[in-house]
Amino acid sequence: MDDQSGQQQEKIHTSTGFFSKYQKYLAEFVYGGIDGSVTTFAVVAGSAGANLDSSIIIILGFANLIADGFSMSVGSYLSNKSEIENFEKHKRIEHWEIEHLPEEERDEIREIYKAKGFKGKLLEQVVDIITEDPERWVDTMMKEELEMMKKMKSPMAMAIVTFISFILVGITPLLIYILDYVVPNNVNHLFYTSIVMTSLAFVGIGFLKSFVNQTGKFKSIFETLLLGTAAAALAYFTGNILDKLF
């Protein structure tokens, strides 16, 4: 009985550790999914408004998925890599300053904690403790003076999660068209079915977004649905107008 309990605890610990390791990328998954579903649904809606054939909708949808998904992931990678490089650059500058301008840097630490309410002997003790360790000194300057925090997430992992989420969630509006193309089943309302499926995807991704933004679940779901509906409506009527003009 004890062995079984121990094995169960080990499994729980392992699964919790796995979740803790990857839950920090939830924001990338959520926003990649939102962008993927919204943009692909807009393509589907615009194509439906223009009365395009299902095969054309599938082609346009997949072209959007791959191109926009890759573009978004590259943008995420470069942006986050740039932030890390900028952090490291300023960290090197702070190391140089405490090595070559120690008194000026001590005065900056003193002013920072004086503004926090420290004074007298206690203030000087705080300054001495912080400045006795160069790494602690630099970390304090980075956080308190420059208001910069080191990113703990890998830019490459963030880009990969964004791309995967963009594809996985973004393909939802196309699923019924793909199914109808592969196995013709004479579905009469492909676009309306796509609307229902995409709405469910919006609900799911909106629910996850509530954990990222720490907001109410219903509010988050409603905002996501509203965003997707607005984008789809604009695309649909644009496609419909252009179809009538040309």
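Quick look at the numbers
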quantity: Taking the chain and dividing mean pair separation by its residue count, relative contact order in percent (alpha carbons under 8 Å, at least six apart); calculated: 40 percent
quantity: Using alpha-carbon coordinates, inclination of helix 217-245 to the longest axis of the chain, degrees; calculated: 50 degrees
quantity: Nearest 10 degrees, 0 to 90: helix 26-49 Cα axis against the chain principal axis; calculated: 30 degrees
quantity: For the chain: rounded, prolate or oblate by the Cα gyration tensor [a/c cutoff 1.5]; calculated: prolate
quantity: Cα gyration tensor, region 196-246 - rounded (a/c under 1.5), prolate or oblate; calculated: prolate
quantity: Rounded, prolate or oblate (a/c below 1.5 giving rounded, otherwise prolate when a/b exceeds b/c) for region 96-178 by Cα gyration tensor; calculated: prolate
quantity: Acute angle (nearest 10 degrees) that the helix 102-115 long axis makes with the longest principal axis of the chain, alpha-carbon atoms; calculated: 70 degrees
quantity: Separation in nanometres of the label points that stand 7 Å from Cα toward Cβ, at SER154 and LYS119; calculated: 5.1 nm
quantity: 3J(HN,Hα) from dihedral phi, region 91-99, Karplus parametrisation 6.51/-1.76/1.60, rounded to Hz, x for glycine, proline; calculated: 5, 5, 4, 5, 4, 5, 5, 6, 7
quantity: Above-threshold pairs, the threshold being 21 Å between Cα atoms, out of LYS150/LYS219; LYS81/LYS151; LYS24/LYS116; LYS81/LYS219; calculated: LYS150/LYS219; LYS24/LYS116; LYS81/LYS219
quantity: ³J(HN,Hα), Karplus 6.51/-1.76/1.60, whole Hz, each residue of region 72-88, x for Gly, Pro; calculated: 5, 5, 5, x, 4, 4, 5, 5, 6, 5, 5, 5, 5, 5, 5, 4, 5
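Readers should treat all values here as calculations from the given coordinates under stated rules, not as data from a laboratory. In this text, all values refer to a predicted model and were calculated from it rather than measured experimentally. Note: ideal-geometry Cβ built from the backbone for every residue, glycine included; neighbour counts use all protein chains shown.
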